[in-house]
Structure formats: structure tokens, C-alpha cells
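Quick one: this structure, given as C-alpha cells, is what I'll be asking you about.
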């Protein structure tokens, strides 16, 4: 294993991480197919060499960054986070990355910026899943600026102290641990600062089921299933469900972001 | 078709029951051994549902195959239909016992979530069909009443496919293939006269 020598972080959970095998073989990355095993099977086709991330919109220094530019001057940290999928399964993942706020501060966020929009690569020749319009491609996501600046929000470039496997969103992805997993957009090619709420893929596809915020919330059920409990991936055939925690257990760090908001309305 | 039909006549229908049990035994064994990936519960649940749907679609294909291709499989239809029912019952049991686990939540799910409501309705409608899939019930009901009851299949199978369409995220093509196949098989038997007429009209 490469060994990224990421520093430990106070934000890591003490829970036992899900096995490397499970984290890298059970993925939702519809660009490579809708089956959970499809990304592990197909994502090798993605070329991450020469990856570039375009940063634009309401920033002082827009531009196109190589991965070397992105990583220059950052200190990689290990963040062991709970990961809760909207499909009511969960994992614990030892991510390697840095705070999104670091990056946003480097490009200089203009005072008029209120939101951050993200976009995944769209390469039909490398991504067999995008030949079917399961959702509108490319995959897009977004955060409110204060959510993006929260120290829990990271850009991850690895896991288990290794470079990010393609099926997990190489070479760079977002991780927002208090939101359902689909907010943590993978294989990012563009980050745009905007003054209005950006469109997000699942919200465009099924607005009744997936809101812009998509905070983990055991009290607000998905129209098709309850979100009150979750099944831990890797627990085997007879694993018991466990209760889902408000904000996936990160309420102390993030609940104040939503003071006075009706979270059943802004789901 | 005749050599195939006469070969099939020598196969007793009962062999389908032990044959049909094998994939289910294999499935649970693979789940216990860890061969179904890291989420064996979902893998077993989904595969039982999918295989059950395949079997139910197969029962709908038997009459059109005989009418349009001369293939005589009607002797096997009861076994295929019953196996379909058993697979769906196992699919439901895995969902109840291994997946949802919480009995209080199950009722809420059945009532509140349309895809589960539809799946449950289809399952409940299958129960009288499974109970009457034997010679004794056929004699008791008489041919006409038995046939009328078993037309419920035309409702149950498409409901199963609709349940599949509704459960997946986004617009996935696989469940629509099944729904289209089912509607095609139903169309073949509901309007045979009109279809034949339009086909001969197209030929002239």
C-alpha cells in the first residue's frame, strides 16, 4: 500500500472502520452502472492521469487546477467518518483528504457567493453507465457556503491511507458526513461558487424524494422507505439494524447551521 | 417442434420442484459463506424477487408459446407457477426477517409505501392461486370457475413488475424490459383475433 501518511484528526470517530473490501466493492457510482458491484468492475476504465479541476464563478482566482496544484500546500488528514446512504445502509470510512474550506480560501470566495456547485466528470467512452439516462448527466451537487466551509466537509483524495480507488470517486471527491451519501459527489471536475442554489442531480430526478439539503434525519422518511434505522454493510446475513442518528451523529458540529429551519420542509 | 414435444412428454413435472429448490439453497449457502458480496441480505432479497418474477413471466409465456410456436409446456405450468409463488414468499420473508426486522415498521411500510403496497397486494392475490394449484381444488371449483380465478395471474404478474419499476432509483431499464415483456405476453392472449387479422392485413 502506498501510504499517504495522513495525519490523525480530532474529527474522526472511534468506531471500527468497515473493511477495505466492503468500502471498495459496494458502491453507488451510476456512471459505471447501477449495480453495487458495477463501479468496482468498471471504474478501472476511468483515466485519472492529468486530472484537472476547474474552479470558477464568484472567486477571486478562477482557474484550472491539476491534482498537483490541488495538493500543493495542503496537509492530508485521516478522517474516519460514518457514511450513511439514503438507501438506509451505512459504513465507517477512513477517508484521506483536506478541508474544502482550505481550498475555497486559497481561491478567495467573493462576498456575493452563497453556494458551491460541484460537477462530476462525464466521459461516455470511459463510463458505461452514462450511456443510459438513469439520471441527467453530468452528475451535479451543491452545498450552501456555510456547509461547504464547515470543518467536517472535506475533499478526499484517498481512503485507508491509500490513493482513492476509482470506484470511490478518484482522484478527488467531496465528503459531507452529516448528509446522505449522494451529496458526497465523486470524481469532481468543476467547482463553481454561485449566488443562487445550484441544481442537484437527484433533486432534479425525483424532487419529492431528494431535497437540496438531504441531511441525515431519522425523523423524515424517504417516501419509499423509513430512514429511522440502517443496516451496517459488512455485518453479514444476520446483522441487526441500528438506529440512525440525527445528522448522522454530527449534530454537535452542524445542527446550528439549520437553526430555525423546518427540516421536514427543507429535507 | 414435435421431437421437442415428445421428448418433453417423457419428463415428469414433479422434477421441477426439487430443481427449483436448488437455486434457493445455493443462494442462502452463498450468503452464509460470504460469496454474495458485503450485503448478502439485499443480494438474497433482490435475487429471490427477480427469479420469482422470471418464473411468473414464464407461466404467462406458456400459452403463447403453444399457440404461436407449437411448443407444449402446459404440463409444467402448475409447477412453474407454484415455484414462482414460493420464490416470492421467500423474497417477502427475507425482507421481513433479515432486512426490515422491526415488526412495528413493517405495517407502516406496507400501508405508506406504494411500491410495498403493490408488492403485498400482488402477493396476497397469489395466495388463492397457490392454494388452488392442485387437482382436488380444480375438481372442487370446476374448470370454468378455476380458470376465472386463475385469470388473477394477468393482474398479479404486471403488479410484480410495477413493484420492481418503483423500487429502483432513477430510470433504470431492466424493470421496464420485464414490464414490456409481460404486457406483450398479455396482449398476445387478450386480442389474438385482432392481432392475427392485422398481421394478415400487413402481409397482403
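Over chain B, what is the relative contact order in percent, taking alpha-carbon pairs closer than 8 angstrom and at least six residues apart?
Over chain B, the number comes to 19 percent.
Also: Put a dot 7 Å past each Cα toward the Cβ at residue B:112 and residue A:136; how far apart are the dots in nm?
For residue A:136 paired with residue B:112, the spin-label model returns 2.9 nm.
Ranked from highest to lowest mean number of other Cβ atoms within 10 Å per residue, what is the order of the peptides A:168-174, A:224-230? Write down the numbers at each step before the final one.
Working: A:168-174: 22.9, A:224-230: 18.6.
Most protected by this proxy first, the peptides run A:168-174, A:224-230.
Going by Cα centres, region A:157-193 and region B:96-164 are how many Å apart?
43
What is the helix-to-structure angle for B:16-33, meaning the angle in degrees between its Cα long axis and the longest Cα principal axis of chain B, kept from 0 to 90 and rounded to the nearest 10?
20
Okay, moving on. When A:153, B:63 are ordered from fewest to most other Cβ atoms inside 10 Å of their Cβ, what list results? Please list the in-between numbers first.
Values: A:153 25, B:63 16.
So the residues, fewest neighbours to most, are B:63, A:153.
Roughly what % antiparallel, to the nearest 5, for the DSSP beta bridges in chain A?
Values: 38 of 45 bridges.
Among the beta bridges of chain A, antiparallel pairing accounts for roughly 85 percent.
Obtain the radius of gyration and the Kirkwood radius of region A:20-254 from its C-alpha atoms and give Rg over Rh.
Computed over Cα atoms, the ratio is 0.94.
Please state, as a whole number in µm²/s, the translational diffusion coefficient that the Stokes-Einstein equation yields for region A:117-193 at 20 °C and 1.002 mPa s, with Rh defined as the Kirkwood radius across alpha carbon pairs.
Translational diffusion coefficient: 163 µm²/s.
Equivalent-ellipsoid semi-axes (√(5λ), Cα gyration tensor) for the protein assembly as shown, whole Å, largest first?
Working: eigenvalues 489, 112, 90 Å².
One finds semi-axes of 49, 24, 21 Å for the protein assembly as shown.
What's the extension gain from residue A:12 to residue A:66 if we count 0.36 nm per residue and subtract their Cα-Cα distance?
Separation in residues times 0.36 nm, less the Cα-Cα distance, equals 16.6 nm.
Give me A:261, B:126 sorted ascending by neighbouring Cβ count inside 10 Å, so fewest comes first.
Ranked by crowding around the Cβ, least crowded first: A:261, B:126.
If you fit an axis through the alpha-carbon atoms of helix B:114-131 and take the longest principal axis of the Cα set of chain B, what angle between them do you get, 0 to 90°, nearest 10?
Helix B:114-131 and the main axis of chain B meet at about 60 degrees.
With 10 angstrom as the radius, rank A:91, B:120 by how many other C-beta atoms surround their C-beta, starting from the fewest.
B:120, A:91
Moving to a separate point now. With both partners inside the protein assembly as shown, how many of the DSSP beta bridges are antiparallel, as a percent to the nearest 5? Spell out each step's value before the answer.
Values: 38 of 45 bridges.
The answer is about 85 percent antiparallel.
None of the figures in this text is laboratory data; all of them are computed from the coordinates on show. Note that the structure is a prediction, hence the values are computed from the model and not measured. A quick note on method: Cβ atoms are made from the backbone with ideal geometry, for glycine too, and the neighbour counts reach across all protein chains shown.
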